[in-house]
1. Applying a 10 Å radius around every beta-carbon, put 46-57, 27-38, 103-114 in order of their mean neighbour count, most first.
2. If I build a Gaussian network model for the chain, linking alpha-carbon pairs within less than 10 angstrom, which residue out of A92, A132, A164 has the largest mean-square fluctuation?
3. If I take R0 = 22 Å and measure r between the Cβ atoms of I89 and E67 in this structure, what FRET efficiency does the formula 1/(1 + (r/R0)^6) give, to the nearest 0.05?
4. Could you order peptides 226-232, 73-79 by the average number of other Cβ atoms within 10 Å of their residues, highest first?
5. Can you give the Rg to Rh ratio for the stretch 84-153, taking only C-alpha atoms and Rh from Kirkwood?
6. What is the local net charge at A13, summed over the other residues whose Cβ is closer than 12 Å to its Cβ (Lys, Arg +1; Asp, Glu -1)?
7. Given the options L80, L175, L117, which has the most mean-square fluctuation in a GNM of the chain, springs set between C-alpha atoms less than 10 angstrom apart?
8. At a Förster distance of 45 Å, what's the computed FRET efficiency of E206 paired with I184, Cβ-Cβ distance as r, to 0.05?
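Each reported figure results from applying straightforward, stated rules to the coordinates on display, with no laboratory input. From a predicted model like this one, the values you see are computed outputs, not experimental measurements. Note that we place each Cβ from the backbone using ideal geometry, even for glycine, and neighbour counts take in every protein chain shown.
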Amino acid sequence: MFKGLVALVSGGASGLGRATVERVARQGGRVVLCDLQSSQGSKVAQEIGSDRVLFVPTDVTSPGDVEGAVAACKEQYGRLDVAVNCAGIGTAAKVYNHNKGTIHSFEDFMRVQTVNLGGTFNVTRVAVSLMAQNTPDSQGQRGVVVNTASIAAFDGQMGQAAYAASKGGIVGLTLPLARDLAPIGIRVCTVAPGLFRTPLLESLPEKVQTFLAKTVPFPPRLGDPSEFAQLVEAIVANPMMNGETVRVDGALRMQA
């Protein structure tokens, strides 16, 4: 499905983003991999193939960085067909910890909103300006944007106020973006993953990973990043997928 297409993937150096970069490149597409300068982006691009992947150091909260990444995409590949927003961070803290007498840091709360929600909007707004220059296909389509939320947007757990709010914002952003961009033939969808085997989860003790895997009804395991990338491909391939958030979580509903 990705053959001949050009994609830009934020957070592409690890986890869900890297799996998406690998899938696009493996199927004959070309990718602009956006991630922080301190990431493994350069190494990942070399491992996958520099003829297929261009690493552009990018802070998704910086308008200048994102504009530079999209300009590099135009210069290197001449077009942009798909933008996938995977960059994100998290924090864990109760709004008020009675035992410790501490309140949630406002700075931490806003930092998560800025990266997750603001970064998603920042990449999208600039990416679609290049997609809009594409010649429409037979159905009038010029491009596709796929954002990454989380089941925390719906089932936010204790201590997840900042993260759940940011991901809920991405869900809420999906339909108005799709409506804004419909007249020029650009679709927008969001994926809400459950528990996936990402660097964040793999940093937890093995016993904790095993416990979390058993909370998933079926299949009773952590998701593989390749399964996220497979859903991204399905969204790109299906022209009727628009303005929707799709959970991919093995029927998991998080408890408090």
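1. Peptide ranking by packing, descending: 27-38, 46-57, 103-114.
2. Checking each option, the largest mean-square fluctuation is seen for A92.
3. Given R0 = 22 Å and the Cβ-Cβ separation, E is 0.50.
4. Ranking, from highest mean packing down: 226-232, 73-79.
5. Radius of gyration over Kirkwood radius for the stretch 84-153 works out to 1.22.
6. Counting the neighbours of A13, the net charge comes to -1.
7. L175
8. 0.40
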